[in-house]
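The values are calculated or read from the model by the stated rules, or taken from the named source; none is laboratory data. Quantities reported herein were computed from a predicted structural model and do not represent experimental measurements. Cβ atoms come from the backbone with ideal geometry, glycine included; neighbour counts cover every protein chain shown. We work out accessible area using only protein heavy atoms, side chains counted, and drop any ligands, DNA or RNA first. Shrake-Rupley method; radii C 1.70, N 1.55, O 1.52, S 1.80 Å.
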Amino acid sequence: MSVLIIAYLCGVFPLLLGAMGKHFLKKTTLPIYVMGHAIQFAVLFLCGAVINFTKLSILSFARGYLVVSIVVGIFCVILTYREWKGNLPTWKPSLWNVIILLGELGMMGGSILFLMPHWLDMTEESLYQLSISGQLDDMSVLLYGMTQQLTGMNPVTLVRVFLPLFFLPLFYDTYHSFAKGRVWYLIFAYIIFGLFIFVPGYIGLEVFLNIWNPTTLAISVFLPLFFVCLMQRTYIETVIVALAMQGFMNQAWLYVLAIVIVAVGVQIGYRIADKKEGKQS
C-alpha cells in the first residue's frame with residue numbers, strides 16, 4: 001500500500017493533472033508529466049501557506065489531500081478519456097532513441113545505487129523531524145512530508161530510493177521537450193549536469209545526486225521551464241511554473257524577475273532587428 005500511495009501522488013496523479021491541463025490549455029507545449037507536476041507543486045505552495053496559517057497537522061492535511069486527489073483523478077480520467085482513447089503517443093524505437101533511453105535508465109540506476117546526496121540537502125532531516133514532531137518547518141518538501149506521514153516509510157528509503165524514480169523522469173521529460181528531437185542537445189545537457197557529480201557545492205545543478213531537493217528542482221527544471229513558457233507567451237503555464245518555483249525557494253521571485261528582464265530584453269532586441277531589416281529592404 002505504501003508503494004501505491006507514493007506512485008499515485010508522485011507519478012500517476014501528476015499525469016492525470018497534466019492530461020486535464022492539456023485538455024483546457026490546448027496550445028500548451030509542456031509535456032503532460034511536466035505540466036502535472038508544475039500544477040501539483042503550485043497547488044501545494046498555496047496549501048503550505050494555509051497550513052502555516054491554520055497550524056493544521058501534516059498528517060491530517062495529507063489524508064484530506066489524498067482523498068481529494070483521488071476524486072480529482074477520477075474526474076480527470078472521465079474528462080480526458082475520449083481524447084486519449086485510441087490516441088496514445090507512440091514511441092519510435094530508432095537506434096539513438098534506444099541509446100538515450102538506456103542511458104537515462106543507467107543514470108537513474110547509478111543515481112539510486114551509487115551516489116550520495118549533497119551534504120547541504122536537508123530533505124531527510126526535515127522528514128525525520130516531521131516523523132517525530134508531526135510538524136513541518138520547511139514547506140518546500142510538503143509533498144514528501146505528506147507521503148512520509150501517509151506511508152510511515154523511513155525518510156532515507158523514501159528520499160533516496162523512491163523519489164528519484166519519479167523526479168528524474170521529470171527532469172528527462174523537461175529536457176526532451178527542450179531538445180525537440182535533437183539528440184546532440186540531450187547528450188550535451190546530460191554531460192553538463194553529469195559533471196556536477198564531481199564538482200561539489202552547486203546543489204541547484206546536482207540532479208543526479210539529489211533531484212528531489214527543492215533548490216535542484218527549481219534551478220535545473222522549473223527555472224528553464226519558466227523562461228521557455230515566457231518566451232512562448234503561454235502566460236497561464238508561466239504563472240503555474242512561477243508558483244511552483246516559489247514553493248521550492250523563498251527567493252525564487254528574484255530568479256523570476258531576472259528571467260522576465262532577460263525575456264523583455266530579448267523581445268526588444270528582436271523588434272529592433274526587425275525594424276532595421278525592414279528599413280534596409
Computed log₁₀ I(q)/I(0) - Debye formula, equal Cα scatterers, no solvent, segment 1-123, q 0.11, 0.13, 0.21, 0.23 Å⁻¹: -0.56, -0.77, -1.29, -1.32
Normalised by the number of residues in the chain, what is the relative contact order in percent for Cα pairs under 8 Å and 6+ residues apart? 23
Accessible-area order for Lys22, Lys55, Lys27, largest to smallest, probe 1.4 angstrom, reads Lys27, Lys55, Lys22
Ignoring ligands and nucleic acids, Thr54 exposes an accessible area, probe 1.4 Å, in Å² to the nearest 10, of 80
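Report the relative contact order of segment 1-81, percent, no decimals, based on alpha-carbon pairs under 8 angstrom and at least 6 residues apart. The partial results should precede the final answer.
Numbers: 50 pairs, mean separation 28.8, N = 81.
Reported as a whole number, the value is 36 percent.
In percent, what relative contact order does segment 83-221 have, based on Cα pairs under 8 Å that are 6 or more apart in sequence? Please report the intermediate quantities before stating the final value.
On the way: 108 pairs, mean separation 38.0, N = 139.
It rounds to 27 percent for segment 83-221.
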At 1.4 Å probe size, what's the solvent-accessible area of Arg182? Round to the nearest 10 Å². 100
Accessible heavy-atom area order of Asp137, Asp121, highest first, probe of 1.4 Å: Asp137, Asp121
How much accessible area per residue does the chain have, counting only protein heavy atoms and a probe of 1.4 Å, in square angstrom? 53
What is the distance, in nm, between label points placed 7 Å from the Cα along the Cα-to-Cβ direction at Ile268 and at Tyr81? 5.3
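Based on a Kirkwood Rh over C-alpha pairs, give the Stokes-Einstein translational diffusion coefficient of segment 124-281 at 4 °C and viscosity 1.567 mPa s in µm²/s. Intermediate values should be presented prior to the final figure.
Values: Rh = 17.7 Å.
For these conditions, the coefficient is 73 µm²/s.
Please compute the net charge surrounding Met116, taking Lys and Arg as +1 and Asp and Glu as -1 over other residues with Cβ under 14 Å from its Cβ. Show your work: numbers first, answer last.
Details: positive: Arg160; negative: Asp121, Glu124, Glu206.
In short, -2.
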Gaussian network model of the chain, Cα springs within a sub-10 Å range: biggest mean-square fluctuation belongs to which of Thr215, Thr80, Thr123? Thr80
Karplus (6.51, -1.76, 1.60) ³J(HN,Hα), θ = phi - 60°, over segment 166-175, in Hz, Gly and Pro reported as x: 10, 9, 5, x, 4, 4, 4, 4, 4, 7
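So what's the projected area for the chain, the Cα convex hull averaged over all directions, in nm²?
On the way: hull surface 70.2 nm².
That works out to 17.6 nm², a quarter of the Cα hull's surface.
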Residue-level accessible surface for Trp212, protein heavy atoms, 1.4 Å, Å²: 10
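Excluding Thr215 itself, calculate the net charge of residues whose Cβ lies under 12 Å from the Cβ of Thr215, where each Lys or Arg counts +1 and each Asp or Glu counts -1. Write down the numbers at each step before the final one.
Values: positive: none; negative: Asp121, Asp138, Glu206.
Result for the neighbourhood of Thr215: -3.
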Keeping all protein chains in place and using 1.4 angstrom, which order do Arg271, Arg233 fall into by accessible surface area, from largest down? Arg271, Arg233
